[in-house]
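Student: One structure is given below, represented as structure tokens, and several questions about it will come after.
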Amino acid sequence: MITIKAQTSTEFLFLIIIVYMVSLIFTVVSLNQERDINYQREYLLLKDVGLKIQSEISLAAYTEDGYSRVFEIPNKLEIFDYNISIINNSFVYAESANNLFIARLSTVNGTVNKGDNLITKQNGKIRIN
């Protein structure tokens, strides 16, 4: 009788350990997937801002002299901080803590800032801010 109770207790303890291990593995896998999804979301938000700037500059490149427009760049990408700049007058560079996006631009002078940006085209040259 005592051995049956001991065996039942041992089996129950073994079952509890297995359930705990399965739930632990499930939690670790879920957290890794959530992290990957956040990285992807952060990259897509960076890409969206970079392509918006590229689109604004391309639009200015195909218009006549005298073109002027104000466009806005967000201060944050949802909950993510980021930096944005134009490098060598030819590339938009968007960087966050975990991601990077670079896109080629038509030649442009000036800098892009978070918030409002003025883009103009005079004498065939595009200028931001």
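The values are calculated or read from the model by the stated rules, or taken from the named source; none is laboratory data. Nothing here was measured: the structure is a model prediction, and the numbers come from that model. All Cβ positions, glycine included, derive from the backbone under ideal geometry; neighbour counts span all protein chains shown.
Student: Based on what the data block shows, is ILE37 surrounded by 12 or more Cβ atoms within 10 Å (Cβ to Cβ) and either among the hydrophobic types (A, V, I, L, M, F, W, C) or at pLDDT 95 or above (or both)?
Tutor: When the stated conditions are applied, ILE37 does not pass them.
Student: May I pose another question? Check whether at least one residue in the range 49-68 is free of Cβ contacts under 8 Å to residues at least 60 places away in the same chain, outside any helix (DSSP H, G or I) and closer than 17 Å to ASN129 by Cβ, and report yes or no.
Tutor: Yes, there is a match, as at least one residue in the range 49-68 is free of Cβ contacts under 8 Å to residues at least 60 places away in the same chain, outside any helix (DSSP H, G or I) and closer than 17 Å to ASN129 by Cβ.
Student: Under the condition of being surrounded by 12 or more Cβ atoms within 10 Å (Cβ to Cβ) and among the small types (Gly, Ala, Ser), which residue from the range 91-121 is farthest from ILE53 (Cα to Cα)?
Tutor: SER96
Student: Are any of the residues in the range 103-126 touching a residue at least 40 places away in the same chain (Cβ under 8 Å), more than 23 Å from the chain's Cα centre (by Cα) and at positive phi? Quick ask: steps written out before the conclusion?
Tutor: Here is the first cut: in the range 103-126, the residues touching a residue at least 40 places away in the same chain (Cβ under 8 Å) are 103-106, 108, 112-124, 126.
Remaining after also requiring more than 23 Å from the chain's Cα centre (by Cα): 106, 108, 118-124, 126.
Imposing the further condition that a residue be at positive phi reduces the set to 123-124.
Scanning the range 103-126 turns up at least one residue that is touching a residue at least 40 places away in the same chain (Cβ under 8 Å), more than 23 Å from the chain's Cα centre (by Cα) and at positive phi.
Student: Name the residue, out of LEU51, LEU44, LEU105, that is farther than 16 Å from ASN117 by Cβ and among the aliphatic types (A, V, I, L, M).
Tutor: Result: LEU44 is the single residue among LEU51, LEU44, LEU105 that is farther than 16 Å from ASN117 by Cβ and among the aliphatic types (A, V, I, L, M).
Student: Going by the structure shown, is THR27 in a loop (DSSP other than H, G, I, E, B) and either closer than 30 Å to THR120 by Cβ or not acidic (Asp, Glu) (or both)?
Tutor: No; evaluated as a whole, the condition is false for this residue.
Student: Keeping to the range 75-129, report how many residues are more than 23 Å from ASP65 (Cβ to Cβ) and among the small types (Gly, Ala, Ser).
Tutor: 6
Student: Would you confirm, using the coordinates I've provided, whether ILE79 is hydrophobic (A, V, I, L, M, F, W, C) and closer than 12 Å to ILE128 by Cα?
Tutor: Values: hydrophobic (A, V, I, L, M, F, W, C): yes; closer than 12 Å to ILE128 by Cα: no.
It is false that ILE79 is hydrophobic (A, V, I, L, M, F, W, C) and closer than 12 Å to ILE128 by Cα.
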